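Report on the structure given below.
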Amino acid sequence: MANPLPYYRVLRDEHPVYYIPAWDTYALSRFDDIWQVLGLTDGTFVASEGTLPSAEVLGHRNDGPVADPPLHPMPFHANFDSPLYEEVRRCTSGPLRHRPVAKLADRIRRLANERLDELLPRGRFDLTQDYGGIVAATLVCELVGLPTDRAPDVLATVNAGSLAEPGEGVEVGNARPGYLGYLTPVIEERRAAGADGAVPIPDALIGFRLPDGTRFTDTEAATQMLGVFIGGTETVPKITAQGLWELARRPDQMAAVRADLDANVPVAREEIIRYCAPAQWFARTARRPYEIRGTTIQPGQRVITLLASAARDEREYPEPDEFHWDRRIERLLSFGHGQHFCLGMHLARLEITIMITEWLKRVPEYHIDAESASRPPSSFQWGWNRIPVQV
Ligand code: HEM
């Protein structure tokens, strides 16, 4: 994880379906293979062991298909197959659809400018945490029903939760006490207030009826919000900050983008997402045999889809290690694909576009302190957590 890119190239070229005996898992590294596997929605692959299982879970050898978990206590719903998975997912997806998200543009612009009002007079600050970090965490607070003054704590908690020691990994998707400490009280409060739909995500979860007629407990409902809590906080700030860094490194590309911000930032944003998305992999467990490149993956075995390798696959993108702001991108795997594709995709795109545009409008020149920038160790992401900037 210090620098996975050279390994990915070897995997793509020489071992596109690479077996890891200790985990009884196949690593898929080519864009097209991952696109196909994630695109299957017939239950061949499910996330019954989690989409980001820890090393401990992977260390257990399954001798056949893994059943869905029991309904109670319910883990994060992504561990279930259809139709329950989609039914719970719908509780969180409403406010993240294209139309409701488009209405957030003014709010995001205002938040971005409030941050810039505070940060620019300081001269030096952290581009990941202080700018995008606070904006993204504030929006997450609003989505899940937390007071927005908790945004800095949410940001720090989620960042800390992604760190991992080599060999251990983290079980990101499922209940982590630090996260539920924020989310369970929200459910309790919304339940006490009647869950009338005023805060759509927790209220929909409180109202949800499971197939056996029961409802979620407070902890179970809170657990279903982990995707938004973590996904909404983690990625956008790192991509925004690294994207601004990649542009600053290439004055000709910066000039081209600055020539017409409204037209060009949305184009550059796609290349920024391809080039900078920090999540490296997600897992699935086979429920039925699946053949790929002459290998049959058996029920109970897993695949890890190396999305970050797919983003650098020369079979999909010419000169994949080069950053071209106006690269033609026909397919992108950075938000996943198929059943579990990113719920926050529209919001993420809007946040990145607005934050980059507002920054470039207000900051004529900036310098990144590359020596002090850092990517802390994590078992599933490789992202710039700290990017000190001088304006
Ligand atoms: C550019 C920023 C982002 C990127 C690159 C990204 C990437 C991804 C990817 C690759 C997945 C699929 C995981 C899998 O296949 O197992 C995913 C899932 C998810 N993302 Fe994002 N994400 C981003 C921003 C967001 C935001 C802003 C939110 C919410 C506000 C969010 C919420 C979620 C949720 C809830 C899931 C779980 C979906 C499910 O399993 O049903 N993400 N994200």
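Shape class for region 208-288, computed from the alpha carbon gyration tensor (a ≥ b ≥ c): prolate, with a/c not under 1.5 and a/b above b/c.
Placing +1 on each Lys and Arg Cβ and -1 on each Asp and Glu Cβ, with no other charges, gives the chain a dipole about its Cα centre of roughly 500 debye.
In which sequence would VAL135, VAL389, VAL17 go, from the one with the fewest C-beta neighbours within 10 Å to the one with the most?
On the way: VAL135 28, VAL389 24, VAL17 17.
The fewest-first ordering by Cβ neighbours comes to VAL17, VAL389, VAL135.
Along the axis of the charge dipole computed for region 12-134 (Cβ charges of +1 for Lys and Arg, -1 for Asp and Glu, origin at the Cα centre), the listed residues PRO121, ALA105, VAL17 are led at the positive end by PRO121.
Applying the criteria of a DSSP loop state and at most 16 other Cβ atoms within 10 Å to the GluC sites (Glu not before Pro) of region 347-391 yields GLU365. Every helix of 4 or more DSSP H residues in the chain counts as -39500 (n - 2.57), and over all residues that averages to -14000 deg cm²/dmol at 222 nm. Charge dipole of region 1-129 (Cα centre as origin; +1 on each Lys and Arg Cβ, -1 on each Asp and Glu Cβ, all else neutral): 900 debye, rounded to the nearest 20. The distance linking region 221-250 with region 351-391 is 11 Å (Cα centroid to Cα centroid, whole angstrom). A prolate overall shape is assigned to region 177-235, the ratio a/c of its alpha-carbon gyration tensor axes (a ≥ b ≥ c) being 1.5 or greater and a/b exceeding b/c. Phi angles of region 320-335 translate, via the Karplus equation with coefficients 6.51, -1.76, 1.60 and θ = phi - 60°, into HN-Hα couplings of x, 8, 8, 9, 10, 4, 10, 4, 7, 10, 8, 10, 9, 10, 5, 9 Hz per residue; Gly and Pro are given as x.
Before anything else, pin down the relative contact order of the chain: Cα pairs under 8 Å, at least 6 apart, normalised by residue count, whole percent.
Working: 678 pairs, mean separation 110.1, N = 391.
It rounds to 28 percent for the chain.
Coupling constants for region 299-304 follow from the phi torsions by the Karplus curve (6.51 cos²θ - 1.76 cosθ + 1.60, θ = phi - 60°), and in residue order they are x, x, 7, 10, 10, 10 Hz; glycine and proline get x. Sorting ILE20, ILE352, ILE329, ILE201 by the number of Cβ atoms found within 10 Å of their own Cβ, with the fewest placed first, yields ILE20, ILE329, ILE201, ILE352.
Longest segment of the chain with no trypsin sites (Lys or Arg not before Pro) in a DSSP loop having at most 15 other Cβ atoms within 10 Å?
Values: sites that count: ARG61, ARG97, LYS103, ARG293, ARG315, ARG328, ARG331.
Free of exposed loop sites, the longest segment is 104-292.
Helix by helix through the chain, keep the DSSP H runs that span 20 Å or more along the axis on Cα and average at least -1.0 on Kyte-Doolittle, and give those back in order.
Details: long enough: 105-119 (21 Å, -1.07); 177-192 (22 Å, -0.32); 226-249 (35 Å, 0.42); 261-276 (21 Å, 0.09); 345-362 (26 Å, 0.28).
Long hydrophobic helices here: 177-192, 226-249, 261-276, 345-362.
In this structure, the amide hydrogen of PHE76, modeled 1.01 Å from its nitrogen in the peptide plane, lies closer than 5 angstrom to those of ALA175, counting only residues at least 5 positions away or on a different chain. Relative contact order of region 179-338: 17 percent, from C-alpha pairs under 8 Å at least 6 residues apart in sequence.
We did not get these values from a lab; they are worked out from the coordinates using the rules stated. In this text the structure is predicted, and so the values were computed from the model without any measurement. For neighbour counting, all protein chains shown are included, and Cβ atoms are generated from backbone atoms with ideal geometry for every residue, glycine included.
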